[in-house]
1. Out of segment 4-39, which residues are aliphatic (A, V, I, L, M), free of Cβ contacts under 8 Å to residues at least 24 places away in the same chain and either assigned to a helix (DSSP H, G or I) or touching a Pro at 6+ places or on another chain (Cβ under 6 Å) (or both)?
2. Determine whether Arg54 is part of a helix (DSSP H, G or I) and either among the polar types (S, T, N, Q) or at pLDDT below 95 (or both).
Amino acid sequence: MNRTAKAFLALTAAVHVALAAWIRRDARARDADASPWDLLTALTGVFGLAGYLRTRRRAN
């Protein structure tokens, strides 16, 4: 695997982890269970984020 591919994979992994962390933080602020969403986001990235954003409750 060349250097560019390794850098791309590392960046992708970092973005997935950052998105999952944001979802966990947002869900806690809304008193919701983030477990399924942060796992799905860590595995699928923006697809998990999109699912979470569609189903989350609005802040009061």
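The values are calculated or read from the model by the stated rules, or taken from the named source; none is laboratory data. Worth saying up front: this structure is predicted, and the values here are computed from it rather than measured. Every residue, glycine among them, receives a Cβ derived from its backbone with ideal geometry; neighbour counts consider all protein chains shown.
1. Passing the criteria: Ala5, Ala7, Leu9, Ala10, Leu11, Ala13, Ala14, Ala18, Ala21, Leu39.
2. yes
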